[in-house]
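Structure first, commentary second.
Nothing in this text is a laboratory measurement; each read-out follows from the coordinates by a stated rule. On a predicted model such as this, the values are computed, not experimentally measured, just so you know. No Cβ is skipped: glycine too gets one built from the backbone with ideal geometry, and neighbour counts run over all protein chains shown.
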Amino acid sequence: MAVPDVLDAESIRRSKADTLWSRRDFFSLAGWAGVLVVLATMTLGFFRFMFPRVLFEPPTRFEAGRPQEYLVGTVDERFKIERRVWIVHEEYGLFALLAICTHLGCTPNWFPAENKFKCPCHGSGFRRDGTNFEGPAPRPLDRIKLELTPEGDLVVDKAHIFRMAAGKDPDEQYPQAILKV
Ligand code: FES
């Protein structure tokens, strides 16, 4: 009766040896796979680090043509979409307005027939000189440095912003923001 027991044990050992994947093999392989995944992720992270996410913005200074291109008594919108800048020509000079609502930063629209800027977000209104007169905007539109090159071209410098205070005439706050031509 002992022979069949020996044979059974031997057959069990053989059948285990013949099995393609033992439990130990499986866990060993899974462990190595985990290590490889971690290494691959770290390698990808390292190479991603070599290429930082940079936001390329247009230069803050740009040429805006000749003063004669701007008619007196008008708001010029040619730079509104790309630069968020309006150029206004009054009898007393030229100035550049920043097309950013002083309430929450939306871009107002210019309505020539009503002679005013109107913000589409919460209804703030601004006069042609940038003064806020209706809606929640707390202060006038800011102005941007506008200068003339020796060659007679206009240059807008968005790195230099004249921040307007509430309740004061924008023309009087920063006389240097007005280019007399
Ligand atoms: S963002 Fe212009 S009125 Fe609110």
Report summary line: Charge tally for neighbours of Val75 with beta carbon under 12 Å away, counting Lys, Arg as +1 and Asp, Glu as -1, is 0
Report summary line: Taking Cα atoms, the helix 23-49 axis meets the longest principal axis of the chain at an angle in degrees (rounded to 10) of 20 degrees
Report task. Could you list Ile161, Ile144 in order of exposure, starting from the residue whose Cβ has the fewest other Cβ atoms within 10 Å? Result -> Ile161, Ile144
Report summary line: The relative contact order of segment 61-177, taking Cα pairs under 8 Å that sit 6 or more residues apart, comes to a percentage of 23 percent
Query raised in the report: So, counting K/R as plus one and D/E as minus one, what does the shell of residues with Cβ under 13 Å around Ala166 add up to?
Result: +1
Query - Leading residue at positive end of dipole, the chain (Cβ point charges), from Gly34, Val155, Pro58 - result: Gly34
Query raised in the report: When the Debye formula is applied to the Cα atoms of the chain, each taken as the same point scatterer, what base-10 log of I(q)/I(0) results at q = 0.12, 0.14, 0.18, 0.19 Å⁻¹?
Result: -0.67, -0.80, -1.13, -1.21
**Report entry** Mean Cα-pair separation over length for segment 109-181, i.e. relative contact order, pairs under 8 Å, 6 or more apart, %
**Finding:** 20 percent
Query raised in the report: What list of ³J(HN,Hα) couplings, whole Hz, do you get for segment 62-69 from phi and the Karplus terms 6.51, -1.76, 1.60, once you set θ to phi - 60° and write x for glycine and proline?
Result: 8, 7, 10, x, 9, x, 5, 6
Query raised in the report: On average, how much area does the Cα convex hull of segment 121-178 cover when viewed from any direction, in nm²?
Result: 4.7 nm²
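Which of the GluC sites (Glu not before Pro) found in segment 49-120 are in a DSSP loop and have at most 16 neighbouring Cβ atoms, other than their own, within 10 Å? Mind showing how you got there, number by number?
Details: sites: Glu63, Glu69, Glu77, Glu82, Glu90, Glu91, Glu114; in loops: Glu77, Glu91, Glu114.
Loop-located and lightly packed - Glu77, Glu91, Glu114.
Counting other C-beta atoms within 10 Å, which of Lys118, Lys168 has the fewest, and how do the rest follow? Walk me through the numbers before you get to the answer.
Working: Lys118 16, Lys168 12.
Ranking Lys118, Lys168 by Cβ neighbours within 10 Å, fewest first, gives Lys168, Lys118.
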Report summary line: Most exposed to least, judged by fewest other Cβ atoms within 10 Å, Asp142, Asp169 sort to Asp169, Asp142
Query raised in the report: What angle, in degrees between 0 and 90 and rounded to the nearest 10, separates the Cα long axis of helix 2-18 from the longest principal axis of the Cα atoms of the chain?
Result: 30 degrees
**Report entry** Stokes-Einstein D in µm²/s, Kirkwood radius over Cα pairs - segment 52-95 at 25 °C with 0.890 mPa s viscosity
**Finding:** 204 µm²/s
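Nothing charged except the Cβ atoms of Lys and Arg (+1) and of Asp and Glu (-1): what's the magnitude of the dipole of the chain about its Cα centre? Round to the nearest 20 debye.
Numbers: 24 positive and 24 negative charges, 100 e Å.
Its charge dipole is roughly 480 debye.
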**Report entry** DSSP-loop chymotrypsin sites (Phe, Trp or Tyr not before Pro) across segment 82-181, with at most 16 other Cβ within 10 angstrom
**Finding:** Tyr92
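Counting other Cβ atoms within 10 Å of each Cβ, which trypsin sites (Lys or Arg not before Pro) in segment 21-93 have at most 10 and sit in a DSSP loop? Mind showing how you got there, number by number?
On the way: sites: Arg23, Arg24, Arg48, Arg53, Arg61, Arg78, Lys80, Arg83, Arg84; in loops: Arg53, Arg78, Arg84.
Loop-located and lightly packed - Arg53.
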